[in-house]
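Q: Have a look at this one.
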Amino acid sequence: MDGFESNEGVILIAASNRPDVLDPALLRPGRFDRRVVVPRPDVRGRLAILKVHTRSIPLSQDVDLDILARGTPGFCGADLESMVNEAALFAARYNKNHVDAQDFDKAKDKVLMGAERRSMIISDDEKRVTAYHEAGHTLVAKLLPDTDPIHKVTIIPRGMALGTTQQLPIDEKHTYPKEYLLSQIAILYGGRAAEELILEEATTGAGNDIERATELARSMVCEWGMSETLGPLAFGKRDEQVFLGRDLAYQKDFSEQTAQTIDGEIRRICTEGFVKARRLLSENLPLVRRLAEALLEREVLEGDEIDRIIRGEALAPLREPPRSRPTHRPAAGVGDDPVSDLPGLAASLRNPKLVPES
Ligand code: ZN
């Protein structure tokens, strides 16, 4: 660096989300010549981050930061900070002296799935469609092997979604096997498949699911060489460094004929996922109904409650009845219904070898 001698003991550190556009002259030896990639924290990192953010917060005895760190794979530092803040707000709202495990539980859901919108007006019809839609996602995830466990499924509107099926991986994932991705696509189609099977109609609620399934199939074919027809090739060079996990511009570097084959392969993968979801659900119709009815009654189902329903066991009685909502037709432009994943999972799926920065 100009103005500094190499023996002055000055270390200059800078951060950037766009290392790809930096002037190479900046990166020459003696300048910014070391590159440290800061990925999402692992479980040890999350524990350390939680310790920092809970330092000045009175924690109740039942809060175990180690368990919290284990239960939040994929969270970045800002997510963890936000979770701690939300937990403190929940505790303050109920005039508690300490932040307890229940507050953290609610805060985690808020960070994962967005804030509940209990005031949103939803018709009974729409609630029913949402319940079957989410039951479809949930059951496909449960019936396929090697999927992430279901953390929670709810038909309380959160953010833009009318319902949410939340999967939470057990561990950090850095690479994703092909089977896992195919299952993920089938899970995304589970919502639409359930609507068609039970309600015999399709709704716009599956729009986001379909978009994400298609995007995943495209990455499998064009980036990860997972199509037997096309072989282990990459199509469409990206105009940026991959590890940031964002796409800017695709550069078309293949023929018109290959483009058609790519489209065909994407269509095949998506259709097979949809057919798989539909088959699984049609073989288990009573289970879909049981799950959806339980959702309509309770509005939220935890992972272990879903397991009980699938095993045919009775659920514990409701602790408090769900707050009733007025039931009128909502205004036009009802939100979509994404199967939420961890924040940025879709982004990390772009480049399965590396976990991108937040
Ligand atoms: Zn959905």
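Q: When the expected Rg is taken as 2.2 N^0.38 Å, what fraction or multiple of it is the alpha-carbon Rg of the stretch 18-69?
A: 1.86
Q: Then there is this: Tell me the accessible surface of Met83 in square angstrom (1.4 angstrom probe, heavy atoms of protein chains only), to the nearest ten.
A: Spelled out: Met83, probe radius 1.4 Å, area about 0 Å².
Q: Beyond 21 Å, what share of the Cα-Cα pairs of the stretch 1-121 is found? Please give it as a whole percent.
A: 54 percent
Q: For the stretch 147-208, compute Rh as the Kirkwood radius over C-alpha pairs and then the Stokes-Einstein diffusion coefficient at 10 °C and 1.306 mPa s; write the answer in µm²/s, rounded to an integer.
A: For these conditions, the coefficient is 119 µm²/s.
Q: Give the ranking of Ile121, Ile49 by solvent-accessible surface, highest area first, calculated with a 1.4 Å probe.
A: Order by accessible area, largest first: Ile121, Ile49.
Q: Please report, in whole Å, how far the alpha carbons of the stretch 121-239 spread along each principal axis, starting with the longest.
A: 49, 30, 28
Q: Just to confirm, what accessible area per residue do you get for the stretch 1-85 at 1.4 Å probe, in whole Å²?
A: It amounts to 70 Å² per residue over the stretch 1-85.
The values are calculated or read from the model by the stated rules, or taken from the named source; none is laboratory data. This one's a predicted model, so the numbers in the text were calculated from it and none came from an experiment. These area figures cover heavy atoms from the full protein model, side chains too; ligands, DNA and RNA do not enter into them. Shrake-Rupley method; radii C 1.70, N 1.55, O 1.52, S 1.80 Å.
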